[in-house]
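Bear in mind these aren't lab numbers, they're just calculated from the coordinates by the rules spelled out. Every value quoted in this text rests on a predicted model; they were computed, and no experiment measured them. Positions of Cβ are backbone-derived with ideal geometry, glycine not excepted, and every protein chain shown enters the neighbour counts.
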Amino acid sequence: DAPSSSPPPERAEVPKPPSTFSQSTVPQTPLPDGQSVSLFTPAPGIGAGIGQSPSALIQTPGATTDHEKIFLPHVDRPISLTLPRTNQTSRPALARDPRAISRHDLHSPGWGKTIGWNQPPSRAKSPPPSSILKHAAAEAKDKADKAAAAAMSTLQTKRGRQHKRTRTFSHERRFSEYNYTVERALLGNGGLFNAIDAAAEAGSLEEKTWVGTLGCPVDVLDDPLKENIAEKLENDYDSLTVYVSDSDLNGHYEHYCKTILWPVFHYQIPDHPKSKAYEDHSWVFYVKVNEAFADRIAKNYKKGDVIWIHDYHLLLVPGLLRQRLPEAEIGFFLHTAFPSSEIFRCLAVRSELLEGILGANMIGFQTDEYCHHFLQTCSRLLNVEATKYGVILEDGRFVHVSTCPVGIDPKSLEQQRRLPEVSEWVQIILDKYRGKQIIVARDKLDNIRGVRQKILSYELFLNKYPEYKDKVVLIQIATSSTEDPELSATVADIVTRVNSIHSTLAHQPLVFLKQDIDFAQYLALLTVAECLMITSLREGMNLTSHEFVICQDGQFCDAKYGPLILSEFTGSATVFGHNAILVNPWHYSQCAAAIKQALDMPLPEKERRWKAMHDIVVKQNAVEWFDTYTKALDRAWKEHSIRDSTSVPRLSLSSVKPKYLKAEKRLIILDYEGTLASWGSPTDIILTTPKRSIDVLNDLIEDKKNTVYVMSSRMPEEMERLFSPVSGLGMIAENGGFLLEAGSDEWEELANLEHFKNWKGGLRSILQYYVERIEGSKIEERHCSLIFDYSDADDRAGAFKQAGECANHINDACRDQNVNCVPIEDGLFISEMEVNKGLATQMISDRMEKSGMGLPEFLLVIGDSREDEYAFNWAHKLEKAGKIRDVVTVTLGARSTEASATLTQGVTGKFDGSSGYLKLR
Ligand SMILES: O=P(O)(O)OC[C@H]1O[C@@H](O)[C@H](O)[C@@H](O)[C@@H]1O
């Protein structure tokens, strides 16, 4: 039952390619009628995996490429592909080769067919193959052998060949004897393909390499042939092939991707009693395939490459790559929706998935809502700090998260619409449905797209408004990349009921095609439609609606400006807003009323809405998406390129010493907990300061050239008590809330204490809620900050988890109040957003600049935690501006940092000012 056992569909179903590619190094056995076995896609990625979407894309900036050489048909490059935007002189064989033009969403298993050749059929709902459950490689291999033998015999029969194959003649060898062509896969993410294609054409992308799997079973290919294919694809199509066994790919795509991730990401928890979704049998295959991608990419990676991972099939790849290539520029874009944390947390491997995604420098989503869900999920489940712009990981690395909605390429669509087949079909449809109002729809027939809900709404519409009965036709195209027999049967029943009740001898109100149609027919339908109806229960975007808007401009048919009925649960709903008629697909009477509203809409209103949507589609196009995303990724990578402590050099005492000695004026800023004192979290009760720290500080201050500050999360009075033996010491308390200038006796408030009074009241109730649930936890109130401390909690793991939720809760509730809650060791620190150590250090340098004293020539900042990064950044700014000659920033311990040097032990072990200068041991 393994995928390799699925016999390939009959050759008769293979659309005849315009030309074939002959493989020179494998034995040549031309197929009759010029037909050939399709092994790959010229845009691998489109065929990445069994019906997979594009997976990873590597681009090398600065290099040049011949885009057309790869993607456009060429006489001496006989690949079976014709793409849009070619300057073809001859008319493309659209009707004959339905793959001749591209579309945004190639989700049909065959172009006008029910089964495609170059994608094995899906069995997403079937029980897992025994190869998966038993992990029996040998058995799978045996099955694959038999299946391949069966497949070959099918081919032979069809071809009418009379060769006698004996058991001793390996079927693998037989398979390898055939010619093959390289064809674009029928399944996958057409929107991505079109966008990359458009970006290349627009000059935004100079060189690219797709990384993907072959769109066909590979177990039957022998190693030399596999190598040969990979080589061919690398050399001629700039495509890297990832080989994984058929059973691994089956477990990965059809099981883990399609029965777990796809439904969960679209708010469908597969909790059917028969569902195997939560058995983790397929997780291992998901990991394996992701690892295979990461290995392939890492092996090929060259410094300067940009790696862009796409979609839910490859969520682990960014993380796996980050381990292999710590410095690489890695982007991730999710084309689907991202669910609320309450749904995501149902996944057994939720942390692994999140950590995988967080390997990227930048994570892109289609809408703000998905972004927000992701940030919230990270904060709740991983207990990391999430800001509006991204996630701060425990090691200090910042991962950017942003919204970047994908669009279509109106230019190429425009060209495709001009093809004669489209106008032919426009005419055919107009003739056939003369006098009728056509509502059009094309969706995957899965539980996500709401086809059932749509037809039920339509039935209600016909019942409620019988005056439309003879005047309206709903043409529903239902494609599918995976089989769901139960849903198919239910929908078929409803379709039969609608038609048997509402049809007349002369009129059939519902045309339901459980197959895909030719792209030209699809464009013609969008052109003549009175309205498009999308009722997805969830959908990342919905580019069909964008194509509809373009097709309604009246260029090839009387101006329609057809209204768009659009589920509010699609990404496109946030893009179009109320210019579309937004509906809740579960609210059948609302949907029925929307149909009536669309059909009755006066022309001026139609035109107004359409114009607004048209502007959006044209502006928010595919090239724009590519440019925006890649620029943001580049920025993210440059700004926050990983500087973990292994890549930050150790503090070189011998290089610091001359700088120190040269300076006539020095500013030294030292963090307290974890830096001066080698112990302690901000929640510890500090009784005394180690004598050694006091000695070091006194030694430093004794040198009149030095101005010394200590910074801490402690309150001013605590700091005073701790450092009373050091006179002249400057202090920064409550992480920047208070400043005591060096040599002064008066504390200054940098935080707004009035504001604190206002927000702390509201927060107390939230914190109290968690204190009651976490035994041993407590709230500590300081002058301008609150600390939620669970260091004494019995169940630290449980407390950690709840604290994550608490932080999230607070950040959500206080977003408008400028209040920020960040995790600290065994606690949460809540303070005003702009109040941090950087604010206080800025104040110090401003004062120095303004006073006659001027800025120092030497600045040393030493810290150990995330809050100290604000001070490091401030120091670097001064250095960059050329205001301070020598700046040394040092962090302690192993963590990512902005600091320029590291130390592994406490400061007191290294510094000693007893000789009147910073003595380096
Ligand atoms: O390969 P699949 O899972 O059928 O999906 C192909 C594409 O289908 C589209 O509908 C989705 O929006 C994409 O996210 C997805 O990549």
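Odds and ends about this structure:
- In loop segments of segment 713-763 as defined by DSSP, the GluC sites (Glu not before Pro) with at most 11 further C-beta atoms inside 10 Å of their C-beta are Glu746.
- Of the trypsin sites (Lys or Arg not before Pro) found in segment 380-421, those that fall in a DSSP loop while having at most 12 other beta-carbon atoms within 10 Å are Lys388, Arg418.
- Pairs of Cα atoms in segment 332-478 fall into 10 Å distance bins, from 0 up to the last occupied one, in shares of 10, 25, 21, 19, 16, 8, 1 percent.
- As a ratio to 2.2 N^0.38 Å, the alpha-carbon radius of gyration computed for segment 333-376 takes the value 1.08.
- In sequence order, calculated HN-Hα J values of segment 840-848 (Karplus, 6.51, -1.76, 1.60; Hz; x Gly/Pro): 5, 5, 4, 4, 4, 5, 4, 4, 4
- By the beta-carbon count within 10 Å of each Cβ, the least crowded to most crowded order of Ser654, Ser247, fewest first, is Ser654, Ser247.
- By the count of other C-beta atoms within 10 Å, a proxy for reagent exposure, Arg184, Arg538 are ordered fewest to most as Arg538, Arg184.
- 27 Å Cα-Cα threshold exceeded, pairs from Lys232/Lys411; Lys303/Lys631; Lys208/Lys877; Lys411/Lys560: Lys232/Lys411; Lys208/Lys877
- Karplus 3J(HN,Hα) series, Hz, for segment 857-867 with 6.51 cos²θ - 1.76 cosθ + 1.60 (x for Gly, Pro): 9, 10, 10, 10, 10, 10, x, 9, 10, 4, 5
- For segment 261-414, Kirkwood radius (reciprocal of mean inverse C-alpha pair distance, Å): 16.3
- The magnitude of the dipole of segment 688-733, with charges of +1 and -1 set on the Cβ of Lys/Arg and Asp/Glu and taken from the Cα centre, is near 60 debye.
- Segment 191-258-segment 695-714 distance, computed between alpha-carbon centres (Å): 60
- Interchain or long-range residues, amide H under 5 Å from Leu667's placed H: Thr707, Phe858, Leu859, Leu860
- Placing dummy labels 7 Å off each Cα toward the beta-carbon, the span from Val511 to Glu664 is 9.0 nm.
- Placing R0 at 41 angstrom, the Cβ-Cβ distance between Arg497 and Asp812 gives a FRET efficiency of 0.35 after rounding to 0.05.
- Modelled label positions at Glu746 and Ala348, each set 7 Å beyond Cα in the direction of Cβ, lie 6.6 nm from each other.
- Cross-link pairs beyond the 19 Å C-alpha cut-off, checked among Lys662/Lys883; Lys464/Lys596; Lys691/Lys778: Lys691/Lys778
- Put the Cα centre of segment 589-620 next to the Cα centre of segment 291-344 and the gap is 38 Å.
- Computed magnitude of the charge dipole of segment 453-563 (debye, nearest 20; Cβ of K, R +1, Cβ of D, E -1): 320
- Two-site FRET efficiency, Phe800 against His755, from Cβ-Cβ distance with R₀ of 30 Å, rounded to 0.05: 0.55
- Across Lys757/Lys837; Lys299/Lys444; Lys288/Lys619, pairs whose alpha-carbon gap is larger than 28 Å: Lys299/Lys444; Lys288/Lys619
- A straight chain from Thr628 to Tyr769 at 0.36 nm per residue would run longer than the Cα-Cα distance by 46.6 nm.
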